[in-house]
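Taken together, the values in this text are just the output of simple stated rules run on the coordinates, not laboratory data. Quantities reported herein were computed from a predicted structural model and do not represent experimental measurements. When we count neighbours, we look across all protein chains shown, and the Cβ atoms used for this are built from the backbone with ideal geometry, even at glycine.
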Amino acid sequence: MTERAEAIAVRDLRKRFGALEVLRGISLTAHEGDVIAIIGGSGSGKSTFLRCINMLETPSSGSVAIRGEAIALKGDGHGGLAPSNRRQVQRLRARLGMVFQSFNLWQHMTIIQNVIEAPVHVLGVPRAEAMERGEALLRRVGLFEKRDVYPSFLSGGQQQRAAIARALAVQPHAMLFDEPTSALDPELVGEVLGVIGDLAKEKRTMILVTHEMKFARNVASHIVFLAQGVIEEQGPPEQIFGDPRSERLRKFISSVH
Ligand SMILES: Nc1ncnc2c1ncn2[C@@H]1O[C@H](COP(=O)(O)OP(=O)(O)OP(=O)(O)O)[C@@H](O)[C@H]1O
Ligand SMILES: [Mg+2]
């Protein structure tokens, strides 16, 4: 079997905010087709880690590479780092589909406008082609009928499915999900997890921060447990949930069940 390519490779990532070192040396590789779930307590650095991957936060040290291309960083003159090539960051970020907890749809645009915005204005896809693909994506997530509606007229679950369609529209190299269901009413969680589960079955590369342990266990190929800014334990779901080694992980699992 041929080795799968590295979609995202993070090496010894550190991030500090002032005196607080939030990430303390994290290395993690997502190969094409991996579905990596990141779990851990509040404040353990999960969101910061995702945000460093697409450079919404700049690492204090360490490296991030997307499809083998390292993001170029230079000293910022204050002992930290800054991207040395803005256009590289824009180009790489444009192909990472990020889905946040709070939907983040553009409220002044209809659903289909949200979906075609980045393809047309960032990636230069002809409008007609972007529309056709966008409508197909909305059909896929069950929102074709809502394409000309503004986000505020949709339920939370529908908005999040629209946000997923928008993320898919850039034909992402990988998708990053940050607790995509935690802002939803319980009865709407299932429809969003259903869409993400389908993407996992298609073997789309994704890194998913979630507190839905059952879901993580069912869809992830690999689980990473973050605690206090380091990977405390990682492995296949059966091991992490069935035979956790560290005391911290054991406590965490029993606290969320
Ligand atoms: N921009 C920032 N400035 C200062 N501190 C920050 C900033 N962003 C995050 N932090 C701090 O970094 C730590 C990790 O935050 P982060 O949001 O990554 O945690 P998390 O694991 O995603 O938590 P949660 O499960 O609550 O979402 C927290 O102590 C947080 O207060
Ligand atoms: Mg978070």
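Observations on the structure shown:
- Simple spin-label estimate for Ser27 and Ile253 in nanometres, 7 Å along Cα-Cβ: 2.6
- Principal axis dimensions, largest first and in whole angstrom, of segment 118-257 by Cα: 54, 31, 25
- Listed by number, the DSSP H helices of the chain that run 15 Å or longer by alpha-carbon position along their axis and have mean Kyte hydropathy of at least 0.0 are 111-121, 186-201.
- Spin-label model distance (nm) - Arg140 vs Ala72, 7 Å beyond Cα toward Cβ: 3.3
- Whole-number D in µm² s⁻¹ for segment 144-212, Kirkwood Cα-pair radius fed into Stokes-Einstein, 37 °C, 0.692 mPa s: 259
- Residues Lys203 and Val149, FRET efficiency given R0 of 22 Å [Cβ-Cβ distance, rounded to 0.05]: 0.10
- P(r) for segment 42-190, from all Cα pairs and a bin width of 10 Å, is 11, 36, 32, 17, 4, 0 %, short bins first.
- For segment 6-123: Kirkwood Rh in Å [reciprocal of mean 1/r, alpha carbons]: 15.7
- Amide H to amide H, with H built 1.01 Å from N, Val22 comes under 5 Å of Lys15, Arg16, Phe17, counting only residues 5 or more places away or on other chains.
- With viscosity 1.567 mPa s and temperature 4 °C, the Kirkwood radius over alpha carbon pairs of segment 97-172 converts through Stokes-Einstein to a diffusion coefficient of 109 µm²/s.
- Convex hull volume of the C-alpha atoms in the chain, normalised per residue: 140 Å³.
- Label-zone membership for segment 55-90, site Ala5, 7 angstrom Cα→C-beta point, backbone N under 16 Å: 65-71
- Distance from segment 210-244 to segment 27-73 (C-alpha centre basis), Å: 16
- Label-to-label distance, nm, for residues given as Glu187 and His211 (7 Å Cα→Cβ offset): 2.2
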